[in-house]
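*Asks:* Below: one structure in structure tokens.
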Amino acid sequence: MRRPSPELVDQLLGVSDRVLAPGSMAGIDTVSSLTGIPRATLYYHFPGREALVDFLLAGKVARIGAGIDEACRREDENPVAQLRTVLTTTLETVAQHPELCTTLAARLAVLRVGDPLRTAVDRSILRPLATILADGRDLGYLEVDEPKLVANALYGAVSMAALSRYADDGRIDAGQLADSLVPRLMASVTASPTKP
């Protein structure tokens, strides 16, 4: 895949919600119609629908990553507060973009290690989350034996809970879901109260 120009990226991200909507089968022809980008230009950058979908999903993953980065930069917060912020922010982003728990989960199931989308998820979500967990463990705030494994479990729990809500209700109420889910997830990794 050849990297599209910033202008082309903006056009594609502008229609990403429609292309990635749960149940959508929109492909190159549909994207061309929605954006006015010639089919030949799209095929020059993306060999087919899956490559285009992966590119759009990577853009969405970057949104979660931005929220995680912001939480990681809050040095005045302890790792417990950082983790709570990350889980809540992830739920809010998934609520705004349900394809992050539908289409992304389906794509990740078939991608190999080293695939650009999988690498983006690791770099933007899992690695920073594992860093918070490891820091929290090292400081005595969190009880985590394997930060990378627990990062996957926490992200998976958030994604599956959001997917379940979306399937049941057709929408995700991030506030309500966060109020219900985040305290339980936090309790599963928080150390006994020996730290302030």
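Bear in mind that the values in this text are calculations on the coordinates, not laboratory data. Every value quoted in this text rests on a predicted model; they were computed, and no experiment measured them. Note that we place each Cβ from the backbone using ideal geometry, even for glycine, and neighbour counts take in every protein chain shown.
*Asks:* Would you mind calculating the relative contact order of the chain from Cα pairs under 8 angstrom and at least 6 residues apart, reporting the percent as a whole number?
*Replies:* Once divided by the residue count of the chain, the mean separation gives 22 percent.
*Asks:* Another one. Among His45, His97, which comes first, second and so on when ranked by fewest other beta-carbon atoms within 10 Å?
*Replies:* Placing the least packed residue first, the sequence is His45, His97.
*Asks:* Got a sec? How would Tyr141, Tyr166 order by Cβ neighbour count within 10 Å, fewest to most?
*Replies:* Fewest-to-most Cβ neighbours within 10 Å comes out as Tyr166, Tyr141.
*Asks:* What base-10 log of the normalised intensity I(q)/I(0) is obtained for the range 78-132 from the Debye formula, alpha carbons as equal point scatterers, at q = 0.15, 0.27 Å⁻¹?
*Replies:* Those come out to -0.49, -1.12, one per q.
*Asks:* Please compute the modelled spin-label separation between Lys148 and Ala191, points set 7 Å along Cα→Cβ, answer in nm with one decimal.
*Replies:* Label-label distance for Ala191 and Lys148, simple model: 2.3 nm.
*Asks:* Something else now. Ignoring GluC sites (Glu not before Pro) that are buried or in helix or strand per DSSP, and keeping those with at most 16 other beta carbon atoms within 10 Å, what is the longest stretch of the chain between them?
*Replies:* Details: sites that count: Glu75, Glu77, Glu143.
For GluC sites (Glu not before Pro) (loop position, at most 16 other Cβ atoms within 10 Å), the longest site-free span of the chain is 1-74.
*Asks:* Have a look at Ala81, Ala174, Ala71 and tell me which one the Gaussian network model of the chain (Cα, springs below 10 Å) gives the largest fluctuation.
*Replies:* Result: Ala81 has the largest fluctuation of those listed.
*Asks:* Quick one: if the Förster radius is 35 Å, what FRET efficiency do Asp69 and Ala167 give, using the C-beta to C-beta distance and rounding to 0.05?
*Replies:* 0.70
*Asks:* Related question: Once amide H atoms are built 1.01 Å from N in the peptide plane, which residues 5 or more positions from Leu142, or in another chain, come under 5 Å H to H?
*Replies:* Arg137, Ala191
*Asks:* Here's another thing I want to ask about it. Hey, what number do you get for the chain at 222 nm if only DSSP H runs of n ≥ 4 count, each worth -39500 (n - 2.57), divided across all residues, to the nearest 500?
*Replies:* Mean residue ellipticity at 222 nm (helix-derived): -22000 deg cm²/dmol.
*Asks:* Then there is this: Once Lys and Arg get +1 and Asp and Glu get -1 on their Cβ, which of Cys72, Thr119, Ala174 lies farthest toward the positive end of the dipole of the range 57-189?
*Replies:* Among Cys72, Thr119, Ala174, the one farthest towards the positive end of the dipole of the range 57-189 is Thr119.
*Asks:* Using the beta-carbon distance between Met25 and Arg123 and R0 = 30 Å, what value does 1/(1 + (r/R0)^6) give for FRET efficiency, to the nearest 0.05?
*Replies:* Details: r = 29 Å, r/R0 = 0.95.
It comes out at approximately 0.55.
*Asks:* List Arg112, Arg165 from most exposed to least, where exposure is judged by having the fewest other Cβ atoms within 10 Å.
*Replies:* Sorted ascending by nearby Cβ count, the order is Arg112, Arg165.
*Asks:* Between helix 49-73 and the chain, what is the angle of the helix's C-alpha long axis to the longest principal axis, kept within 0 to 90° and rounded to the nearest 10?
*Replies:* 30
*Asks:* Can you work out ³J(HN,Hα) from phi for every residue in the range 9-22, in order, using Karplus 6.51 cos²θ - 1.76 cosθ + 1.60 and θ = phi - 60°, giving whole Hz and x for Gly and Pro?
*Replies:* Calculated HN-Hα couplings, in order: 4, 4, 4, 5, 5, x, 10, 4, 4, 6, 6, 9, 3, x Hz.
*Asks:* Further, regarding this structure: What full-extension length gain, to one decimal in nm, is calculated for Glu77 and Ser5 as 0.36 nm per residue of separation minus the Cα-Cα distance?
*Replies:* Gain in length upon complete extension: 22.1 nm.
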